[in-house]
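> Right, I'll just put the structure down here and ask away after.
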Amino acid sequence: MFIDQVKIYVKSGDGGDGCVSFRREKFVPRGGPDGGDGGRGGDVVFEVSPQMATLVDLRYQQHYVVKHGEHGGRKKSFGKHTSDLIIPVPKGTVIRDAETAELVADLTHPGQRVVAVKGGRGGRGNTHFKSATRQAPQMAEPGQKGEERWLQLELKLLADVGLVGLPNAGKSTLISTLSSAHPKIADYPFTTLEPNLGVVTVERSRGKSTQFTVADIPGLISGAHEGKGLGIKFLKHIERTSLLLHLVDVSEPATGDPVDDLEVIREELRLYHHGLSEKPFMVAATKVDIAGEGLKTKALRQDCGKKKIPFFEVSSATGKGMDDMIHSLVSEVEVLRKKSQALDVSPASDKNITENQDNI
Ligand SMILES: Nc1nc2c(ncn2[C@@H]2O[C@H](COP(=O)(O)OP(=O)(O)OP(=O)(O)O)[C@@H](O)[C@H]2O)c(=O)[nH]1
Ligand SMILES: [Mg+2]
């Protein structure tokens, strides 16, 4: 099951209490204070796990509570700390405070961690409170309380290229030919019900290769923004792609007009907002192996030519046009990656996360 939204409760461990106690030994009539400190409570930490693809595991467990640190004991014995609770999440998880919607973290790379709630400090035992005037302190600190909060987790896939198009345009077939992803493919609309990610490896000169990721999402139809078809809820998964590839079916059996078909999708992206219609995009005429005389292909080629949109003619069935398109995609992805590095996007977001950690 592909789950991309969950609400969970997290509570870090309370610190253990400090202890009030005095040495009691034979021949030491008035032993001084010997109460030990309480142990620290564990944090709740999120960590990006490369093995996870959805938030489904968190759907089944909603509460995450860390045990309190052990209390301090006699003879200066320190209470044990409790370990941090690590919650694995998939790459692309955005964590917000469920009440204030404040951003807690945007976890974008494997192994990345964020402390969501910090455990309480252990209280100091009475050994710390001895002074010249107070030889027998009857006081110790209680452990600091842990923190608790409700968090909203949302997965927004991270991919370089997002595939968009009407149902049946050939999106899943394309991702399965380009990568090792094997989504369901069928000749009826809305075959794809959840997003798929594929990794494309492109061999370059001198044995070098480049990889980029592609996201295949369920098909869109006119009125999707009003909830028609499967609606637009899956569009969030291409919000973070740097490039969109519109697939338009130009085969003879398809009934639509390719220029209109492209415009329907462009309009849905515009109505969705969130910058999707401003993203760089390319167009691929699909299924050219069964395009008959190619009149639809020609109409779409002319339309894209007029609008100066990069245009390809491909067939997943025969492989026609594929190399050309892949090389254009990878070059564009590289340009866009460099641009986003120049804008210093990722380090800045990392910095926010670190700052956030400190604030929490
Ligand atoms: N002849 C031919 N058929 C293709 C080609 N690409 C896809 N098809 C067929 O078109 C139909 C739809 O393909 P899908 O890949 O499932 O289309 P989709 O865009 O993912 O559809 P949804 O998931 O419903 O949005 C299937 O029957 C595919 O076999 C192609 O290049 N040539
Ligand atoms: Mg599909």
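The values are calculated or read from the model by the stated rules, or taken from the named source; none is laboratory data. Being a predicted model, the structure only gives us computed values, none of them experimental. So basically every Cβ, Gly included, is an ideal-geometry build from the backbone, and we count neighbours across all protein chains shown.
> If you take just the helices (runs of 4 or more DSSP H) that sit entirely in region 266-360, which of them hold at least 3 residues that are on the phi < 0 side of the Ramachandran plot and modelled with pLDDT of 95 or more?
Values: elements: 295-306, 322-342, 345-359.
Result: 295-306, 322-342.
Rundown of residues vs (1) away from ligand 1 (no atom under 16 Å from the Cβ); (2) without any contact (Cβ under 8 Å) to a residue 40 or more places away in the chain, yes/no style:
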residue: T192; (1), (2): no, yes
residue: P195; (1), (2): no, no
residue: G198; (1), (2): no, yes
residue: G207; (1), (2): yes, yes
residue: Q211; (1), (2): yes, yes
residue: I221; (1), (2): no, no
residue: E226; (1), (2): yes, yes
residue: L235; (1), (2): no, no
residue: E239; (1), (2): yes, no
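> Can you confirm whether S77 is over 19 Å from the mean Cα position of the chain (by Cα), crowded, with 16+ Cβ neighbours inside 10 Å and without any contact (Cβ under 8 Å) to a residue 60 or more places away in the chain?
yes
> Being touching a strand residue (DSSP E or B) at 6+ places or on another chain (Cβ under 8 Å) and part of a loop (DSSP other than H, G, I, E, B) is the filter; apply it to region 177-190 and report the residue that is nearest to ligand 1 (Cβ to nearest atom).
Quick first cut of region 177-190, residues touching a strand residue (DSSP E or B) at 6+ places or on another chain (Cβ under 8 Å) only: 178-181, 183.
If we keep only those that are part of a loop (DSSP other than H, G, I, E, B) as well, we get 179-181, 183.
Working: S179: 13, S180: 16, A181: 11, P183: 7 Å.
In this case the residue turns out to be P183.
> Just for region 141-188: of the residues that are closer than 15 Å to H237 by Cβ, within 14 Å of ligand 2 (Cβ to nearest atom) and not small (G, A, S), which one is surrounded by the fewest Cβ atoms within 10 Å (Cβ to Cβ)?
My answer is P183.
> Just to be sure before I move on: is L174 outside any loop (DSSP other than H, G, I, E, B), farther than 23 Å from E47 by Cα and not small (G, A, S) in the structure I sent? Give the derivation first.
Numbers: outside any loop (DSSP other than H, G, I, E, B): yes; farther than 23 Å from E47 by Cα: yes; not small (G, A, S): yes.
The answer is yes for L174.
> Would a scan of region 155-167 turn up a residue that is away from ligand 1 (no atom under 16 Å from the Cβ), over 30 Å from K320 (Cβ atoms) and either without any contact (Cβ under 8 Å) to a residue 60 or more places away in the chain or of a type outside the set (A, V, I, L, M) (or both)?
Yes, region 155-167 contains at least one residue that is away from ligand 1 (no atom under 16 Å from the Cβ), over 30 Å from K320 (Cβ atoms) and either without any contact (Cβ under 8 Å) to a residue 60 or more places away in the chain or of a type outside the set (A, V, I, L, M) (or both).
> Tally up the residues in region 210-231 that are within 16 Å of ligand 2 (Cβ to nearest atom) and part of a loop (DSSP other than H, G, I, E, B), please. Break it down stepwise before answering.
Kept after step one, since they are within 16 Å of ligand 2 (Cβ to nearest atom), are these residues of region 210-231: 214-221, 224, 229-231.
With the extra rule that they be part of a loop (DSSP other than H, G, I, E, B), the set shrinks to 217-221, 229-231.
Number of matching residues: 8.
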